[in-house]
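See structure below.
The values are calculated or read from the model by the stated rules, or taken from the named source; none is laboratory data. Here the structure is a predicted model, which is why all the values come from computation and not from measurement. Cβ coordinates were reconstructed from backbone atoms using ideal geometry, including for glycine residues, and neighbour counts include every protein chain displayed.
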Amino acid sequence: MNYYYITGTSRGIGKAFAEHLLENPANYVIGLSRQCSLEHPNYKHYYLDLTDVNAVTDFKFGLHAHAKKVYLINNAGSLGFIKPIGKLEASTIIKNYTLNLIAPSILTNAFIECFDTTDAEKVIVNISSGAARTPIDGWALYCSSKAGLDMFSRVVDAEQKIRAENPLESIHKGFRIFSIAPGVVDTNMQEEIRSASKEDFSRLEDFIGYNENNQLANPKVISEKYFKLLSKINAINGVSISIKDYD
Ligand SMILES: NC(=O)c1ccc[n+]([C@@H]2O[C@H](COP(=O)([O-])OP(=O)(O)OC[C@H]3O[C@@H](n4cnc5c(N)ncnc54)[C@H](OP(=O)(O)O)[C@@H]3O)[C@@H](O)[C@H]2O)c1
């Protein structure tokens, strides 16, 4: 059996990931978010607010001793409020970094600890964004948390490679980790971007244009691209990548 832990399965890209995986009876999906919109015999939902560090810390992965694959997909994320720095509440800053960067770091740490000796294909996929590499006004928390997620992934990958070279550690299968940007996708997040105020966001017209000119990808199509790529895991070059590079 293959086990996929996915954050943010209630809608958008995370829901498309779960639906895609559940087409195969060999897959079991564990979804983590505040709402549940999926029902399937191979789906289990954990109601979890990923801005609540204590709740995230308390989350426990299963054991899955005979799993063929174990995946953690840190997909849940949010722009928070689209406003320039100087106009944000401190509590918004704390919540947004917790959701986008701290929760994925805590979950990845627990995942590696839990499955360290499990002899399966063990993969962490963080959902990044082009915003990790481009400063976009009104998105300071989002850009910096996604940039942090990319670097976090690169460090974990470096650690796994160092471990793999140690003959004392080589009996255990290591973890692969990727931080993959999906491009612009037709989800609630894009609706939120289009509802930002012009005064707080200079690129509002660009994002309205992506929608009007049908430039937003369908989450189902994006999900298929992610799993096609992950099915040839050894052919992936690099850790911090964009799905568009593999079209
Ligand atoms: N859409 C795009 O164009 C685009 C582009 C680049 C990157 N991304 C990235 O893709 C990922 C998915 O985004 P999306 O577009 O699918 O967004 P979305 O449609 O808004 O879905 C976000 C998901 O995250 C979950 N989530 C949000 N806050 C949460 C919280 N406090 N606790 C638990 N779960 C929470 C939501 O579940 P609940 O509300 O039920 O909790 C929902 O399932 C994000 O990391 C985003 O940054 C998206």
Which of the helices (runs of 4 or more DSSP H) found entirely inside the range 42-155 contain at least 2 residues meeting this: buried (at least 18 other Cβ atoms within 10 Å of the Cβ)? 90-97, 103-115
I'm checking my understanding of the structure. Among residues of the range 6-44 that are aromatic (Phe, Trp, Tyr) and within 18 Å of Leu230 (Cα to Cα), which one is farthest from the ligand (Cβ to nearest atom)? Tyr28
Which count do you get for residues in the range 191-230 that are within 10 Å of the ligand (Cβ to nearest atom) and closer than 13 Å to Trp139 by Cα? 2
Could we say that Lys87 is more than 8 Å from the ligand (Cβ to nearest atom), under 21 Å from Phe111 (Cβ atoms) and over 14 Å from the mean Cα position of the chain (by Cα) here? no
Where a residue in the range 103-120 is at pLDDT 95 or above and its partner, wherever it lies, is in a helix (DSSP H, G or I), with Cβ under 7 Å and at least six apart: Ala103/Val56; Pro104/Leu149; Ser105/Phe152; Ile106/Val56; Ile106/Thr57; Leu107/Val56; Thr108/Val156
Just to check your reading of the model, which residue among Ser144, Ser195, Ser231 is under 17 Å from Gly12 (Cβ atoms), modelled with pLDDT of 95 or more, out of contact with any Gly (no Cβ under 8 Å at 6 or more places or on another chain) and not acidic (Asp, Glu)? Ser195
Matching residues, the range 153-190, being in contact (Cβ under 8 Å) with a residue 60 or more places away in the chain, within 8 Å of the ligand (Cβ to nearest atom) and at negative phi: Ala181, Pro182, Val185, Thr187, Asn188, Met189
